[in-house]
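Below you'll find the structure, written out as structure tokens, and then a few comments.
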Amino acid sequence: MHGMSATRATQDAPPDGTPSGGTPSGAAPPDVATRSAFSVLLSLLPFLRPYRRRVLMAALALLVAAAAALAIPIAFRQMIDLGFASRQISEQVARGAAEVNAAFLGLFAVATVLAIGTAVRFYFVSWLGERVTSDLRNAVYRQVLRQDPMFFETLKSGEVLSRLTADTTLIQTLIGTSISMGLRNSLLFLGGILMLVVTSPKLATMIIALLLLVTLPIVVFGRRVRKLSRASQDRVADSSALAGETLNAIQIVQAYAREPFEARRFVDTTEAAFKAAVRRIRARSLLTALAIVLVFGAIVYVLWLGAHAVIEGRTSAGLLTQFILYAAMVAGAAGALAEVLGDVQRAAGATERLLELLNAQPRIQGPPGAGSPGATSTGATSTRGASLVLEQVRFSYPSRPAEHALSDVTLRIGAGETVALVGPSGAGKTTVFQLLLRFYDPQRGRILLDGADIRDMDLAALRGRIGLVSQDSVVFSADVMENIRYGRLEATDDEVIAAARAAHADEFVRRLPEGYRTYVGERGVRLSGGQRQRIAIARALLKNPPLLLLDEATSALDAESEQLVQQALEEAMQGRTTLVIAHRLATVVGADRIVVLERGAVIEQGSHAELLTRGGLYAKLAGMQFNA
């Protein structure tokens, strides 16, 4: 596998149990909006299952560190009661000093265990955060690549990129930091409560009762933080989508001198994102303050009662110190949990947005078990082409259901035949290509390829038999060799060069600074339009499919290049079925048959000479072009 081709075409297998969902394209799972933050985050468990051992190691380290932290107040109690609070003299002084020494050594040993446990926990949870985030990005990106054009009619690519970056970063923080801190503080909180009960059941009972009272407003307020977090992420995605759209059309922006206008538009979106973030931050700050004030208020009140108990001689100073340390531990854990709760709510909003992508299912799918999912063109030369039949095909785009893009079109194309589709803009020519590639399915009728309904064929196998050269030639940000090899990933360098020669691209490629290894820039900005088009043609020729679709394939070429490429295409058409969309009729006069479309219907067909004699729409179009 080679460079860019391997990166673009080969996707890692998802983790075991990766959720596939079953909701329509672009739709959120029906219950996501009503689920709690924690139940939403449970959807990430399938991404953790492949790494059970590391999760176990992190959990063990977490338990060790929490146990060590809970043991520290006991050591302090021993130091106070056995050492500092001892009033005995003579021989008991030496024994008290030895006990204090032992207590300090024990405290140091506990601190050492705490340090080791914390370090091990940090390593494993950080590793899990990075690994799960990478797996999640891969799974979401794989799912997005499977979506049909209808998905992208409602969701901008910038929005998808925002979810793949900003949202997964939030989840990385959650798994790599927040969950670990949350579990640690949960253990300290529960363990501290237990030790408070052991230390002083009466005072502990009062603290627990007060904590239960203050928990309710914290939970209620946390739900508002989650909603604001989702809104904040949506505004950030809007900003990213606008920036991506503008930068992709930067030449148009500059040609119309609209830089200030676009800058203002971006400022508006970033300000909206800032205001949404401020609302989230304000709510989260209030949540943190509320949690800390209520929890510490309850604990301070109970400690005040304990201080009076020491004054009255009903308890020892060491016992109260132990109780205070555990109370401080519980309060600190509660405050940290309030912070973690904010991260959890924010990550839950991000997870919802990712689940919408992860659960999105394309409307266009092949039947189960129909062909190999990874089937592609083998590159073997076609000797007969493929037969193609459109039977009473009727189609309307989802965004315009009342308007027929194709109206009961019937067309039979023999193997090896070259057929040109002509007609005014909006006649349905490009729609035919989109249906052949199954970007959409017709509402009525069927399409047969070599006698088989294309809806019964595996999508990859179907598209592997079709080569496409579009009017808007697409070149990836890689070198020339890898851009051509995209047509057939297993092709050798010699085969790539042969395809370039056939497309009359070899000559200009060899003049590039590094020949076939020249980096062409994003969207091929370092090449001219004609050069990009010839690379796209070479890519299709390398694929060597039995059915070739040419959508104004020579539109970006100058007269000389057009003649050269037209010769190459005529050679490539030999032995394969070819459909050509053309507005310049001079490029299709030699086609076996010309099909004229108008308003989604076939109004006439025949050879160039036959159509001229009929005096119909084709004769009218030809008269205007050839006379001109």
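Quick notes on this one:
- Considering the range 390-406, the residues that are part of a strand (DSSP E or B) and over 33 Å from the mean Cα position of the chain (by Cα) include one that is surrounded by the most Cβ atoms within 10 Å (Cβ to Cβ), namely LEU406.
- Selection status of THR431, of a type in the set (Val, Ile, Thr), out of contact with any Asp or Glu (no Cβ under 8 Å at 6 or more places or on another chain) and surrounded by 15 or more Cβ atoms within 10 Å (Cβ to Cβ): yes
- Answer residue from the range 407-451, given it is among the hydroxyl-bearing types (Ser, Thr, Tyr) and over 30 Å from the mean Cα position of the chain (by Cα) and is farthest from GLN147 (Cα to Cα) among those: THR418
- The set of residues in the range 532-570 that are part of a loop (DSSP other than H, G, I, E, B) and either closer than 21 Å to VAL520 by Cα or at pLDDT 85 or above (or both) comprises PRO545, PRO546, ALA553, THR554, SER555, ALA556, LEU557, ASP558.
- Test for GLY600: is it over 40 Å from the mean Cα position of the chain (by Cα) and among the small types (Gly, Ala, Ser): no
- Boolean, ARG446 is more than 27 Å from LEU489 (Cα to Cα), modelled with pLDDT of 90 or more and among the basic types (Lys, Arg): yes
- Checking each residue in the range 571-614 for being over 19 Å from GLY385 (Cβ atoms) and part of a helix (DSSP H, G or I) picks out LEU585, ALA586, THR587, HIS608, ALA609, GLU610, LEU611, LEU612, THR613, ARG614.
- Within the range 317-342, the set of residues being of a type in the set (S, T, N, Q) and at pLDDT below 70 is empty.
- Looking only at residues in the range 345-389 that are at pLDDT 80 or above and among the small types (Gly, Ala, Ser), the one that is surrounded by the most Cβ atoms within 10 Å (Cβ to Cβ) is ALA386.
- Filtered residues of the range 450-494 (kept if part of a helix (DSSP H, G or I), under 24 Å from ARG510 (Cα atoms) and not hydrophobic (A, V, I, L, M, F, W, C)): GLU482, ASN483, ARG485, ASP493, ASP494
Per-residue answers, yes or no, for (1) in the same structural domain as ARG599 (by TED's automatic domain parsing); (2) among the β-branched types (Val, Ile, Thr); (3) in a strand (DSSP E or B); (4) at positive phi:
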{"site": "LEU411", "(1), (2), (3), (4)": "yes, no, yes, no"}
{"site": "ALA415", "(1), (2), (3), (4)": "yes, no, no, no"}
{"site": "LEU421", "(1), (2), (3), (4)": "yes, no, yes, no"}
{"site": "PRO424", "(1), (2), (3), (4)": "yes, no, no, no"}
{"site": "THR431", "(1), (2), (3), (4)": "yes, yes, no, no"}
{"site": "LEU435", "(1), (2), (3), (4)": "yes, no, no, no"}
{"site": "ARG438", "(1), (2), (3), (4)": "yes, no, no, yes"}
{"site": "ASP441", "(1), (2), (3), (4)": "yes, no, no, no"}
{"site": "ILE447", "(1), (2), (3), (4)": "yes, yes, yes, no"}
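- Identity of the residue in the range 455-471, among the hydrophobic types (A, V, I, L, M, F, W, C) and touching a helix residue (DSSP H, G or I) at 6+ places or on another chain (Cβ under 8 Å), that ends up farthest from PRO546 (Cα to Cα): VAL469
- Of the residues making up the range 507-528, those that are surrounded by fewer than 18 Cβ atoms within 10 Å (Cβ to Cβ) and more than 31 Å from the chain's Cα centre (by Cα) number 9.
- Breaking point among (1) outside the structural domain of THR430 (by TED's automatic domain parsing); (2) surrounded by fewer than 21 Cβ atoms within 10 Å (Cβ to Cβ); (3) modelled with pLDDT of 85 or more; (4) within 30 Å of the chain's Cα centre (by Cα), for ASN483: (2)
- In the range 154-180, of all residues being surrounded by fewer than 19 Cβ atoms within 10 Å (Cβ to Cβ) and farther than 17 Å from ALA237 by Cβ, the one that is modelled with the highest pLDDT corresponds to THR173.
- Some residue of the range 480-487 being touching a residue at least 40 places away in the same chain (Cβ under 8 Å) and closer than 26 Å to GLN365 by Cβ: yes
The values are calculated or read from the model by the stated rules, or taken from the named source; none is laboratory data. Only a predicted model underlies this, so the values are computations on that prediction, with no experimental measurement involved. No Cβ is skipped: glycine too gets one built from the backbone with ideal geometry, and neighbour counts run over all protein chains shown.
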